[in-house]
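Only the coordinates and a few stated rules stand behind these numbers; no lab work does. These figures come from a predicted structure and were not determined experimentally. Cβ placement follows ideal geometry from the backbone for every residue including glycine, while neighbour counts extend to all protein chains displayed.
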Amino acid sequence: MPISILIAPTFTSAAQATNVHHLTRPKSQPTGTQSVTWEDEARREHWEGALISYLRANWRRAFPIWSVINRVVAESRQPTRMEVRVATRVALKILGRLIRQKRIFLYRRRLVAILDLGTEIIPLGK
């Protein structure tokens, strides 16, 4: 077997290298409703949705409580330090409520995680 079969050919000029993007399929834009990210929820100051969406986006990890609160509040881009403090208190209060409602799991009194992915569970029985 000749060795040229095993080695991928290289481009000989920059013009050929720029034409490679025509070989790949362009990413299609989703139609209809777009999913709302936790960053969008935080910018709108919808703390419950932002906290849940942040934990669902990283559902395989448990985070320290304060890192979640600080990350979500920082994304809301509050203009003054006082508003950051108020937003932090509100987000912490909502996080505590979500923990009491068992929508968010408290682990070792310092870590929080979420146990669902937000997808609907289809029952297997009748």
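Put a dot 7 Å past the Cα of ALA62, heading toward its Cβ, do the same for GLN78, and the two dots end up 2.8 nm apart. Of the residues TYR54, GLN101, VAL72, the one whose Cα sits farthest towards the positive end of the charge dipole of region 38-113 is GLN101 (charges of +1 on Lys and Arg Cβ, -1 on Asp and Glu Cβ, taken about the Cα centre). Sorted fewest first by neighbouring Cβ atoms within 10 angstrom, ILE65, ILE104, ILE99 come out as ILE99, ILE65, ILE104.
Shape class of region 38-113 from the alpha-carbon gyration tensor: prolate, with a/c at 1.5 or above and a/b greater than b/c. The relative contact order of region 38-113 comes to 36 percent, based on Cα pairs under 8 Å that sit 6 or more residues apart. Phi angles across region 106-113 convert, under the Karplus curve 6.51 cos²θ - 1.76 cosθ + 1.60 with θ = phi - 60°, into 3J(HN,Hα) values of 9, 10, 6, 6, 10, 10, 10, 8 Hz, Gly and Pro given as x.
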